[in-house]
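The values are calculated or read from the model by the stated rules, or taken from the named source; none is laboratory data. Keep in mind that what you see is a predicted model, and the values were worked out from it rather than measured. All Cβ positions, even for glycine, are placed from backbone atoms using ideal geometry, and neighbour counts span all protein chains on display. These accessible areas exclude ligands, DNA and RNA; they are computed on the full protein's heavy atoms, side chains included. Shrake-Rupley method; radii C 1.70, N 1.55, O 1.52, S 1.80 Å.
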Amino acid sequence: MSMEMLVEKVKKTGNPTVVGLDPKLEYIPEFIKQKAFADFGKNSQGAGEAIFQFNKGLIDALYDIVPAVKPQMAYYEMYGLKGLEALSKTIRYAREKGMYVILDGKRNDIGSTAEAYSAAYLGESKLDEGTAWGDFPADALTVNPYLGTDGILPFVKQCEERDKAIFVLVKTSNPSSGELQDLVVDQCTLYERVAHLVSRWGMSTKGESGYSGVGAVVGATYPAQLSQLRKIMPATYFLVPGYGAQGGKAEDVAKAFHPDGLGAIVNASRSIMCAYKKAEVAQEEFAKAAREEALRMKYDIIRFI
């Protein structure tokens, strides 16, 4: 299963973190944008090229110390077709460098539409029996559970058949998440109910490590819930957003892990992508600054786990 691959990469690097590749143009150093616009024009094609070159520089600096990257689809969709082309190239390049790729799309629907989403991001697009391709060949995808089991099973099927993984939203890191997720239903919160479903959905996808191919998104900004959900979902790998810029601390995210230091992978995006701005170094050293921040994050977290 794909989650086994993530576990192995975490062990190899000794690093339970993932870097979010969420590239707004204002995050990208001027020298990269200027070259892209000079070569392709100040348009969507130039923007897409700038995004890819920025991501490529980050990946080159991080692939040997960070096990995974997590592109957020919205930051590519906002730049149109060329933005999506940059996303496709980014996924392929990261995988070529040996990184695990979690595509953060939060997709979901029911029936044939869910099957189409799962094919697009975890499977293949087919013309006929002999012709198929995949433009977004990620290892894992974030999924919204709001439509229930029949909106999840098409994604689980891809996990079973293609060694892929999904991360289901359980308790998200945003301030208003409690408006729905904390509602009490049948004497438990909605997020607890979803957690029990996640455990059930993943039963058919467990690998040798004991973790299922159905993971959970649980925010670092809610440490008490992290501890609670770790007990409900012992065989579930957690994707933990909210560290760093959103206020989550290392001692908070430590509650997501098992005693052996496995069970969770912690995301940071802006703090690493834009590290060169905080460090006040030359823009040409953006990748070096990102590497240094990624190492700082690694050691900040592992000292608690």
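Taking the criterion of being within 18 Å of residue 200 (Cβ to Cβ) and surrounded by 24 or more Cβ atoms within 10 Å (Cβ to Cβ), the residues of segment 159-175 that qualify are 159, 165, 166, 167, 168, 170, 171. The condition (being at pLDDT 95 or above and among the aliphatic types (A, V, I, L, M)) is satisfied by just one residue among 166, 110: 166.
In the condition set (1) over 19 Å from residue 162 (Cβ atoms); (2) surrounded by 23 or more Cβ atoms within 10 Å (Cβ to Cβ); (3) touching a helix residue (DSSP H, G or I) at 6+ places or on another chain (Cβ under 7 Å), residue 70 is compliant with all but (3).
For residue 49, the test of being without any contact (Cβ under 8 Å) to a residue 40 or more places away in the chain, open to solvent by 60 Å² or more (accessible area, probe 1.4 Å) and charged (D, E, K, R) is failed.
Yes/no matrix, rows are residues, columns are (1) open to solvent by 50 Å² or more (accessible area, probe 1.4 Å); (2) touching a strand residue (DSSP E or B) at 6+ places or on another chain (Cβ under 8 Å):
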{"site": "18", "(1), (2)": "no, yes"}
{"site": "26", "(1), (2)": "yes, no"}
{"site": "29", "(1), (2)": "no, no"}
{"site": "33", "(1), (2)": "no, no"}
{"site": "43", "(1), (2)": "yes, no"}
{"site": "53", "(1), (2)": "yes, no"}
{"site": "57", "(1), (2)": "no, no"}
{"site": "90", "(1), (2)": "no, yes"}
{"site": "105", "(1), (2)": "no, yes"}
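If only residues of segment 200-229 that are in contact with a strand residue (DSSP E or B) (Cβ under 8 Å, 6 or more places away or on another chain) and modelled with pLDDT of 95 or more are counted, the one that is nearest to residue 300 (Cα to Cα) is 218.
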